[in-house]
Every structure is written in structure tokens, then in C-alpha cells.
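The values are calculated or read from the model by the stated rules, or taken from the named source; none is laboratory data. Just so you know, these numbers come straight off a predicted model, no measurement behind them. When we count neighbours, we look across all protein chains shown, and the Cβ atoms used for this are built from the backbone with ideal geometry, even at glycine. Each accessible area value is taken on the protein alone, full model and side chains, heavy atoms only, with ligands, DNA and RNA left out. Shrake-Rupley method; radii C 1.70, N 1.55, O 1.52, S 1.80 Å.
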Amino acid sequence: MIPPAWVWENGIVEDGDVLVLGIGCAWAVATWVRDRPASVALLARSVAPIWAVLIGREMSWGAVLFAPDHMTAAGPVFTSHHLWYRPAVTPLLVLLLGWSAWSAWRCRLDRQLYGLLARGRFPWPALLVVLAAAVGSSCAESHLPACVATLQNQRFEELAELVGYVALVAVQARVLAQCRTTAAMDATPATASAG
């Protein structure tokens, strides 16, 4: 029901994707800065690079900031293959994701996530929406051979991505809030017994 031009590459819906991803990244960075040195800040520091990678991917590593490579019936086509800095993208991705993984391992963030799972506080419904959106988007692009039917529908693909990104921000919000609450509860008995 939405106009086809809204779901073109670099169209309104994809701009919405980037906006939602930017909110997720800004939230993670703000939590990292505000809550240091608490463990919730370390968790936020670990996910901030992932948001940056997702933003880069949605923007074709910056190709959408330039003129499209060519036009088709499905809208403009942007490619990062002609970018002068394209050879640096993969090493940068490896560094960002490596730093994220190192931060998570170094700070033993698995303990926080296991704690959420043990207390039944993990946001499973939002995570299932993320997974369903990823599968739907991949089927719409015909990237999954196991799909019952390939949708070949750019509208569905872009809207599925937008819904998935909103759900991913919800997952982050819930996990950060639960980790902050848990850290505050863990600190309270120590403070009370010291006083």
C-alpha cells in the first residue's frame, strides 16, 4: 500500500532504517559514557560497534551519499565497488567486530546474559521478531534456499528490515535496563552491610 519509491535504495523506509539504527547506536554510546565503569556500560560498549556496522551496511558503506550507479524499474542502484576507500571497509569491519568480541570476552559479559536468562528477564518476544524479520527479509531477497516461496518483494523486504531494527532496539533497551537494575540490586546489599 505504500508508494514503490518509498522502498527504493536510499528511500524513505531505508532512511528510517538508518534512523532507527542510529538511535540504537546513540543509546549504546550514551549508556557506555554515562554508566562507566559499571558492567552495563561494558555491555553497551560491546554492542555499539555492531550498530555502526549495521548503519554502514544499510548505507552501502557510504555509496548512498553519492549519485546512484544506475537506475532500474526498482529504483536507483548504489554500489560500493567504486568507492575509493572500499578496500579499507573489510579491515575496518574486522577491527570493529573484533573489538566488540574482545570487549565482551574481556569483561565477561556472558555472565550478565546468563543472569538475565536465569531470572527469566531476557526479551524473547522482541528477539523472535528480530529473527522473523531477518528470515522474511532474506526470503524477500531470495537469499534463503529453504524459503517456501521467494517473495521478490522490495516493499516487504524493506519493511521487514525496519520492523526488525525497531525490535533490535527494543531488545537492547530491555537488556540494558535489566542489567542496570541487576547491578543496582547487587550493589545495594553491599552498601547496606558496609553502613
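Here are the numbers for this structure:
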{"read-out": "Residue that is under 20 Å from the mean Cα position of the chain (by Cα), small (Gly, Ala, Ser), closer than 27 Å to Arg155 by Cα and crowded, with 21+ Cβ neighbours inside 10 Å, where the choices are Gly24, Gly11, Gly16", "value": "Gly24"}
{"read-out": "The stretch 76-90: number of residues that are out of contact with any helix residue (DSSP H, G or I) (no Cβ under 6 Å at 6 or more places or on another chain) and open to solvent by 40 Å² or more (accessible area, probe 1.4 Å)", "value": "8"}
{"read-out": "Failed criterion for Leu43 (all others in (1) under 25 Å from Val13 (Cβ atoms); (2) outside any loop (DSSP other than H, G, I, E, B); (3) of a type in the set (A, V, I, L, M) hold)", "value": "(1)"}
{"read-out": "Looking only at the stretch 145-166, and only at residues there that are in a loop (DSSP other than H, G, I, E, B) and either among the hydroxyl-bearing types (Ser, Thr, Tyr) or open to solvent by 70 Å² or more (accessible area, probe 1.4 Å) (or both), the one that is modelled with the highest pLDDT", "value": "Pro145"}
{"read-out": "Filter result for Gly75 (small (Gly, Ala, Ser), touching a Gly at 6+ places or on another chain (Cβ under 8 Å), modelled with pLDDT under 95 and under 23 Å from Phe156 (Cα atoms))", "value": "yes"}
{"read-out": "Number of positions in the stretch 103-144 that are within 18 Å of the chain's Cα centre (by Cα) and open to solvent by 70 Å² or more (accessible area, probe 1.4 Å)", "value": "5"}
{"read-out": "Pair list, Cβ under 8 Å, 6 or more apart: the stretch 1-30 residue on the phi > 0 side of the Ramachandran plot, other residue outside any helix (DSSP H, G or I)", "value": "Asn10/Pro68; Asn10/Pro76; Asn10/Phe78"}
{"read-out": "Any hit, the stretch 66-75, residues being assigned to a helix (DSSP H, G or I), open to solvent by 20 Å² or more (accessible area, probe 1.4 Å) and not small (Gly, Ala, Ser)", "value": "no"}
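Residues are listed down the side, and each one gets a yes or a no for (1) out of contact with any Leu (no Cβ under 8 Å at 6 or more places or on another chain); (2) open to solvent by 40 Å² or more (accessible area, probe 1.4 Å):
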position	(1), (2)
Ala38	yes, no
Ile50	no, yes
Val53	no, no
Met59	no, yes
Leu92	yes, yes
Ser100	yes, no
